[in-house]
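The values are calculated or read from the model by the stated rules, or taken from the named source; none is laboratory data. Small disclaimer: the values here were computed from a predicted structure and weren't measured. FYI the Cβ positions are ideal-geometry reconstructions off the backbone, even for glycines, and counts take in every protein chain you see.
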Amino acid sequence: MLELAHAAWPDVAAHLRERPGVAILPFGALEQHGPHLPLSTDTLQADAVARRLAERLDAVLLPAVAFGNTWSNEALPGTVSLGADTVAAVCGDLAASLERGGFAALVVVNGDFGNRLPLQTAAEASAVRGGIPVLVLDYPGLTEIGDRVKETPWAAPGLCHADEIETSMVLAIAPALVHRDRMVADYPELPADFGLRQMALAPLSATGVFGDPRPATPEKGERIIAHVVDESERIVRRVLSALGLS
């Protein structure tokens, strides 16, 4: 793996001469995650998955994008959001720049639900213009491994926000940033059309929590991250093989 932020340009040139140029981009957010988790939760998680994936693929790890499309949580202080068009533009510009720099593919590890559509829009735009392939990963296998390790019910099917899953992941990545004494369970009453239309999350939960983080452990977090990385690697290798880049 080559960590781009710590490399000099001759290191990058040598890396690209010796293997296909695959770049891994963690795309996170600065968003409230309850009273017990840091605003950088999504970025920390995306960076952890991207770093392990880059190591396995001997790819180039880009610095994480620390902001995302998180307007739905702006009602709670500290959340700083980008518009959907901005997220798509940032991803698209980075893909185009990497292409000009000799890279052959970009893998985006997305850490926030609000980024999903904008990042796919950027991937589509790159494909339409005949640019480098952009593959967006949204934590493949997360729900599956969550069902295995969780002791608490989901607030809504597949909804991970300041719950046992996310808290376990941060405990495995940056335990000093977790305030155990502030952990609270919160299962808000969700509208009947939750998940069927765009809506703000923050007004639904006074704490910003959706679930119960209290049974979280770093061991669970490690199991979750390892499974997501395994699934991510499987998908990326399949795509790179189809592109003739493996």
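Below are the figures for this structure:
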| item | result |
| --- | --- |
| Top-ranked residue in the range 70-115 [being within 16 Å of the chain's Cα centre (by Cα) and assigned to a helix (DSSP H, G or I); ranked as farthest from Ala54 (Cα to Cα)] | Ala84 |
| Boolean, Thr41 is hydroxyl-bearing (Ser, Thr, Tyr) and more than 22 Å from Val22 (Cα to Cα) | yes |
| Filtered residues of the range 126-162 (kept if part of a loop (DSSP other than H, G, I, E, B) and under 16 Å from the mean Cα position of the chain (by Cα)) | Asp138, Tyr139, Pro140, Gly141, Gly158, Leu159, Cys160, Ala162 |
| Meets criteria (part of a loop (DSSP other than H, G, I, E, B) and either surrounded by fewer than 19 Cβ atoms within 10 Å (Cβ to Cβ) or of a type outside the set (D, E, K, R) (or both)) for Pro26 | no |
| So Pro10, is it within 30 Å of Ala200 (Cβ to Cβ), modelled with pLDDT of 95 or more and either over 17 Å from the mean Cα position of the chain (by Cα) or not in a helix (DSSP H, G or I) (or both) | no |
| Selected residue (criterion: farthest from Ala162 (Cα to Cα)) from residues of the range 90-104 that are touching a helix residue (DSSP H, G or I) at 6+ places or on another chain (Cβ under 8 Å) and surrounded by 23 or more Cβ atoms within 10 Å (Cβ to Cβ) | Ala95 |
| Count of residues meeting criterion [hydroxyl-bearing (Ser, Thr, Tyr) and over 10 Å from Ile173 (Cβ atoms)] in the range 41-61 | 1 |
